[in-house]
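The values are calculated or read from the model by the stated rules, or taken from the named source; none is laboratory data. Values in this document were obtained by computation on a predicted structure and should not be read as measured data. Here Cβ is always computed from backbone atoms with ideal geometry, including for glycine, and neighbour counts include all displayed protein chains.
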């Protein structure tokens with residue numbers, strides 16, 4: 001099939017692509033976006049999460065045919081080492097990163113959660129990040145980082 | 001939340017002891033950190049393994065003819081293609097990178113395919129046909145110990161038998177008012193690092209460069225060098241970002257590195273090998289299941305007089321770290337309690353299950369589960385409070401351990417920890433109040449505590465090295481063989497260099513580990529990374545500092561003892577106004593040909609342990625800790641919710657309160673999984689059932705309780721800045737605090753982990769029937 005996608009605000013067109021190709025393989029192997037990880041390949045661990053039109057999607061069980069014409073966001077599109085996004089800074093500040101393998105997925109969840117509702121509570125964040133596994137942090141610093149970002153967004157909104 | 005309790009006023013530190021941000025976090029949050037599977041190089045091949053089809057049998061024939069016909073296949077290798085040593089492994093070389101004659105479990109590798117595409121390699125691997133002469137399978141370690149059991153290795157099935165003989169148990173039991181016998185069991189646990197094992201091997205002339213998911217790059221180098229039959233300087237192992245390990249990326253990950261290297265050598269092309277989760281869980285080693293039988297004598301007032309212990313651990317198909325894991329269980333067999341009379345026999349045994357090896361805790365968590373359950377059972381018999389029974393028997397300065405070691409030279413802080421934590425958790429009040437719960441949902445509170453021998457102890461050669469180099473612009477590069485796997489090793493080592501040289505941490509970058517220039521530092525295991533790694537960096541940084549101080553002394557017309565390094569400046573105590581910036585001084589040093597590069601070498605104190613008598617000093621110092629857990633149990637459904645965990649640790653000195661707290665949170669999460677849900681299951685014939693996260697379930701965010709972390713600092717004379725261990729203690733004793741809380745809530749005791757709702761319901765039903 002012919003495929004057009006927008007990844008981190010950049011347009012990509014493929015003249016001929018296997019519609020069953022997994023989104024994760026397209027992103028990693030064809031576009032070199034390696035922040036999208038492979039952990040289980042059956043949709044249980046969540047480390048392959050990307051935002052498709054703003055909504056978390058597990059790219060290891062999503063065929064590219066499902067994302068034709070859509071906007072995809074990964075952490076590379078959120079910020080850079082020179083200019084990290086506030087959420088990325090909160091992840092550093094709150095020590096929400098240990099091995100870093102689940103980190104890109106967790107950050108994207110955080111971005112989605114706060115965009116949806118900056119008044120989100122810690123308890124709600126806890127439930128909402130549950131689709132992504134983390135073996136290192138016990139999740140607590142991740143929840144704190146996302147909450148701090150939500151408070152930051154609220155403060156900015158009130159100004 | 002977390003809090004560091006500092007006992008005494010100590011020397012003011014500027015970087016160490018401060019909540020510094022993780023030095024590798026920026027790369028990880030922006031997606032610029034590269035993990036092994038993220039490397040793609042031109043012309044690379046993809047390699048896939050073919051695993052054994054049966055758990056035990058001789059290989060009669062390997063037919064690769066159909067596989068070779070798959071388009072894109074470049075090379076299929078079997079054991080015959082290994083040019084070097086066929087059997088590897090430490091301490092007993094019984095493991096094979098590719099099995100040649102006999103398969104011993106379902107995760108043995110019998111062949112490897114390298115192909116132009118991953119699809120072709122996978123397809124070809126499926127078409128490899130292996131004919132076997134099947135052998136009888138033995139899965140139960142007690143069956144395997146019998147004389148007539150099928151022999152898994154020629155040496156017999158009992159790998160190691162350690163003994164403890166202290167005092168006179170018969171006399172001890174005579175002194176007791178009560179003697180009880182209990183059996184406890186634990187399960188196989190999968191490390192569940194989220195990044196599956198992988199390697200990329202690149203041939204460069206007569207060298208092989210490897211990027212691998214290896215916890216211990218120097219071990220990967222050794223295994224690859226042996227397998228390929230080439231010297232170590234021709235193998236360069238680079239550790240990229242590592243997606244978790246927890247002890248799990250040693251043996252198996254090293255074999256994956258060696259296999260990729262073998263295929264690269266055979267094809268002359270770069271070879272990438274990335275395991276699927278199923279392949280990883282099938283092949284990689286696990287935490288040992290234990291059978292633990294304790295006969296205990298105690299007096300009416302709660303004093304333990306004797307313990308007779310028999311422990312059998314399932315090593316599975318290969319020995320791996322089993323003797324070393326058993327060592328720790330042996331020398332810590334009574335937990336953190338002084339027992340005057342002990343007779344202990346400890347066995348680790350081959351079976352045809354997946355093999356067992358190193359995992360966070362390393363033989364301590366199993367023993368802690370038994371001993372800490374036992375303490376509560378004794379308290380219940382005597383009608384004593386669990387805190388009280390612990391204080392009655394817990395170690396103090398001068399106590400004698402099972403091996404005859406006298407605890408001294410460091411603060412034996414366990415009693416202090418138990419008392420403080422019980423107070424913080426409001427133990428007495430909650431214990432009483434929760435006991436009155438009568439509804440379907442009942443609350444419980446449980447305590448558990450432990451001690452732990454720091455670092456490798458007498459089980460290994462305990463050394464570490466580091467290089468510190470100050471550049472001409474005053475910025476600093478450091479490296480060590482101590483590796484980063486998420487625990488924060490790079491950060492604490494960077495803090496150490498910054499502290500010694502009096503510069504902000506931003507001046508320091510940790511590079512490596514890379515086996516071609518990072519000094520071999522022994523493995524990053526046994527909660528020794530901070531102790532040994534920071535120790536080595538400190539030595540190296542002090543050497544460089546002294547050279548710079550001597551040079552600065554000339555500038556300031558004084559002696560080098562008067563030179564102070566602080567906040568990026570260097571000055572003489574005599575005249576602090578007259579200062580030079582650290583970068584300026586570095587530049588001057590270079591212009592005057594001063595060597596600003598040094599290797600630091602750090603040795604643990606010498607100790608000795610006799611495996612025959614079980615006597616000696618197994619570790620040079622110990623760390624102490626406790627957990628208190630609160631649970632809610634639904635007695636109708638068996639559901640357990642962990643509501644709160646309080647943890648207190650004495651890691652000597654907290655080098656980084658921010659990352660230290662993270663270690664404890666992660667340890668608590670893993671401990672909840674160990675207590676309540678995780679179990680790697682193998683069916684009755686030796687085939688694994690739980691090969692991915694849908695069946696092997698680890699703790700998710702919504703299951704995490706509120707956690708309060710406390711650090712009680714008692715700086716240890718043997719560690720840099722007084723620091724010792726934390727990584728394993730964070731996990732070691734969480735599970736029994738939870739099972740003790742469940743027993744408090746329900747009145748029933750689960751003696752085999754995990755405490756699933758089915759087990760709890762069954763026990764509740766039995767209790768009901770007894771009424």
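Taking strands (runs of 3 or more DSSP E) that fall entirely within the stretch B:453-564, which contain at least 3 residues that are surrounded by fewer than 23 Cβ atoms within 10 Å (Cβ to Cβ)?
B:463-470
Can you give me the number of residues within the stretch B:320-357 that are surrounded by fewer than 24 Cβ atoms within 10 Å (Cβ to Cβ) and in a loop (DSSP other than H, G, I, E, B)?
2
Quick check, is residue A:110 within 12 Å of chain B (Cβ to nearest Cβ) and under 23 Å from residue B:489 (Cα atoms)?
Judged against the criteria, residue A:110 is not a match.
On the given criteria, is residue B:238 in contact with a helix residue (DSSP H, G or I) (Cβ under 6 Å, 6 or more places away or on another chain) and within 20 Å of residue B:204 (Cα to Cα)?
Considered against the rule, which asks whether it is in contact with a helix residue (DSSP H, G or I) (Cβ under 6 Å, 6 or more places away or on another chain) and within 20 Å of residue B:204 (Cα to Cα), residue B:238 comes out as no.
Please work out if residue B:621 is under 36 Å from the mean Cα position of the chain (by Cα) and under 27 Å from residue B:417 (Cβ atoms).
Yes, satisfied.
Out of the helices (runs of 4 or more DSSP H) lying entirely within the stretch A:54-159, which hold 1 or more residues that are surrounded by fewer than 19 Cβ atoms within 10 Å (Cβ to Cβ) and more than 13 Å from the chain's Cα centre (by Cα)?
Filter on the stretch A:54-159 gives A:86-93, A:103-116, A:122-128, A:140-158.
Looking at B:27, B:37, B:33, which one is within 14 Å of chain A (Cβ to nearest Cβ) and either more than 33 Å from the chain's Cα centre (by Cα) or surrounded by fewer than 18 Cβ atoms within 10 Å (Cβ to Cβ) (or both)?
B:27
Touching a helix residue (DSSP H, G or I) at 6+ places or on another chain (Cβ under 6 Å), in the same structural domain as residue B:271 (by TED's automatic domain parsing) and either crowded, with 19+ Cβ neighbours inside 10 Å or part of a loop (DSSP other than H, G, I, E, B) (or both): is that true of residue B:49 in this structure?
Considered against the rule, which asks whether it is touching a helix residue (DSSP H, G or I) at 6+ places or on another chain (Cβ under 6 Å), in the same structural domain as residue B:271 (by TED's automatic domain parsing) and either crowded, with 19+ Cβ neighbours inside 10 Å or part of a loop (DSSP other than H, G, I, E, B) (or both), residue B:49 comes out as no.
Considering every residue within the stretch A:131-138, establish whether at least one is within 13 Å of chain B (Cβ to nearest Cβ) and over 30 Å from residue B:674 (Cβ atoms).
No, the stretch A:131-138 has no match at all.
Go through the stretch A:1-52 and give me each residue that's assigned to a loop (DSSP other than H, G, I, E, B) and away from chain B (no Cβ under 14 Å).
Once the filter is applied, which keeps residues that are assigned to a loop (DSSP other than H, G, I, E, B) and away from chain B (no Cβ under 14 Å), the stretch A:1-52 yields A:1, A:2, A:9, A:15, A:16, A:17, A:19.
From B:723, B:701, grab the single residue that is closer than 30 Å to residue B:416 by Cβ, surrounded by 20 or more Cβ atoms within 10 Å (Cβ to Cβ) and outside the structural domain of residue B:12 (by TED's automatic domain parsing).
Among B:723, B:701, only B:723 is closer than 30 Å to residue B:416 by Cβ, surrounded by 20 or more Cβ atoms within 10 Å (Cβ to Cβ) and outside the structural domain of residue B:12 (by TED's automatic domain parsing).
Suppose the filter is more than 12 Å from every other protein chain (Cβ to nearest Cβ), under 28 Å from residue B:690 (Cα atoms) and touching a strand residue (DSSP E or B) at 6+ places or on another chain (Cβ under 7 Å); does residue A:56 pass it?
Considered against the rule, which asks whether it is more than 12 Å from every other protein chain (Cβ to nearest Cβ), under 28 Å from residue B:690 (Cα atoms) and touching a strand residue (DSSP E or B) at 6+ places or on another chain (Cβ under 7 Å), residue A:56 comes out as yes.
Could you tell me how many of the residues in the stretch A:77-96 are within 14 Å of residue A:8 (Cα to Cα) and more than 7 Å from every other protein chain (Cβ to nearest Cβ)?
Summing the residues that are within 14 Å of residue A:8 (Cα to Cα) and more than 7 Å from every other protein chain (Cβ to nearest Cβ) in the stretch A:77-96 gives 3.
Can you name every residue in the stretch B:166-215 that is more than 14 Å from every other protein chain (Cβ to nearest Cβ), under 25 Å from residue A:134 (Cβ atoms) and outside any strand (DSSP E or B)?
B:186, B:187, B:188
Which condition number does residue B:85 fail, the rest of (1) in contact with a helix residue (DSSP H, G or I) (Cβ under 6 Å, 6 or more places away or on another chain); (2) surrounded by 23 or more Cβ atoms within 10 Å (Cβ to Cβ) being met?
(2)
Take residue B:255 and decide whether it is crowded, with 24+ Cβ neighbours inside 10 Å, touching a helix residue (DSSP H, G or I) at 6+ places or on another chain (Cβ under 7 Å) and modelled with pLDDT of 95 or more.
So residue B:255 passes the test.
Anything in the stretch B:258-276 that is within 14 Å of another protein chain (Cβ to nearest Cβ) and surrounded by fewer than 24 Cβ atoms within 10 Å (Cβ to Cβ)? List them, or say none.
Within the stretch B:258-276, B:274, B:275, B:276 meet the criteria.
Against the definition (in contact (Cβ under 8 Å) with a residue 24 or more places away in the chain, crowded, with 21+ Cβ neighbours inside 10 Å and not assigned by TED's automatic domain parsing to the domain that holds residue B:96), how does residue B:166 come out, yes or no?
Spelling it out, residue B:166 is indeed in contact (Cβ under 8 Å) with a residue 24 or more places away in the chain, crowded, with 21+ Cβ neighbours inside 10 Å and not assigned by TED's automatic domain parsing to the domain that holds residue B:96.
When only residues in the stretch B:233-248 that are touching a residue at least 60 places away in the same chain (Cβ under 8 Å) and outside any loop (DSSP other than H, G, I, E, B) count, which is nearest to the other protein chains (Cβ to nearest Cβ)?
It comes out as B:241.
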